Every structure is written in structure tokens, then in C-alpha cells.
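The values are calculated or read from the model by the stated rules, or taken from the named source; none is laboratory data. Model, not experiment: these values are computed from the prediction. Counting neighbours? That spans all protein chains shown, and the Cβs are built from the backbone with ideal geometry, glycine included.
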Amino acid sequence: MSCDRRHNLPIFLHPAAVSRHATAGHWAIDLPNAANEKFVADFRAAYKCDPSFYAAQGYNAANFINSVVVAVKGDLTDKERIRAAMERADYASVRGPCRYAS
């Protein structure tokens, strides 16, 4: 995986020129919660670069799916239990605590 995306950035967005930035996105690398801090640290250790919001989405999705499978003890035949586990959203999101409205 290549993480050197600097050549595609306008000069004002080059990593050397940016110390902090604001985003209107659903995730930012510096969100202050334990799950995000772990995700960013683990990603940097594995890939030697910062994660993108696509990586954060994938990480969240995998953790959400895992929480559902664990909650139903691997029994994916009981759709009502699966739905209930999904509604609980019992996982550590990189975006912070979340819940789903009905």
C-alpha cells in the first residue's frame, strides 16, 4: 500500500504546510476518543502513514459487524437477534459513542 499522496496535494494542503485543519467530514484523525486514538496509532504502525476517512469507515464497519456476530454468538440464522444487536450498536466507534434511531 502506498501512502505517499503528497504529490497530488495543492501546496497549501501539503503536510509540511498544514499544522491543523477543520473538516466537515464525519471523521477526523484527531477526534479525542480512545477508539480513534488506538485506530490511528495501529494504522500508522502498520502502514507508516495516516489513515484516510475511508480506512476509518472500514474499521468502524468491521467492528460493528464483529459486535453483532459476537452478540448473537455466531448464530446468524436468528434475524431478530441480529437486528436487536445491530440496533444496540455496542462497539467502540472511531467517531465516538453512537446509537441508531428507530
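The sole residue among 68, 94 that is surrounded by 14 or more Cβ atoms within 10 Å (Cβ to Cβ) and farther than 24 Å from residue 25 by Cβ is 68.
Give the residue that is nearest to residue 97 (Cα to Cα), with candidates limited to residues of region 1-50 that are at pLDDT 90 or above, touching a Cys at 6+ places or on another chain (Cβ under 9 Å) and not basic (Lys, Arg).
43
Taking every residue in region 50-63 that is free of Cβ contacts under 8 Å to residues at least 24 places away in the same chain and closer than 17 Å to residue 37 by Cβ and pairing it with any residue that is surrounded by fewer than 14 Cβ atoms within 10 Å (Cβ to Cβ) and of a type in the set (Ser, Thr, Tyr), at least 6 positions away or on another chain, the pairs with Cβ-Cβ distances below 9 Å are 55/47.
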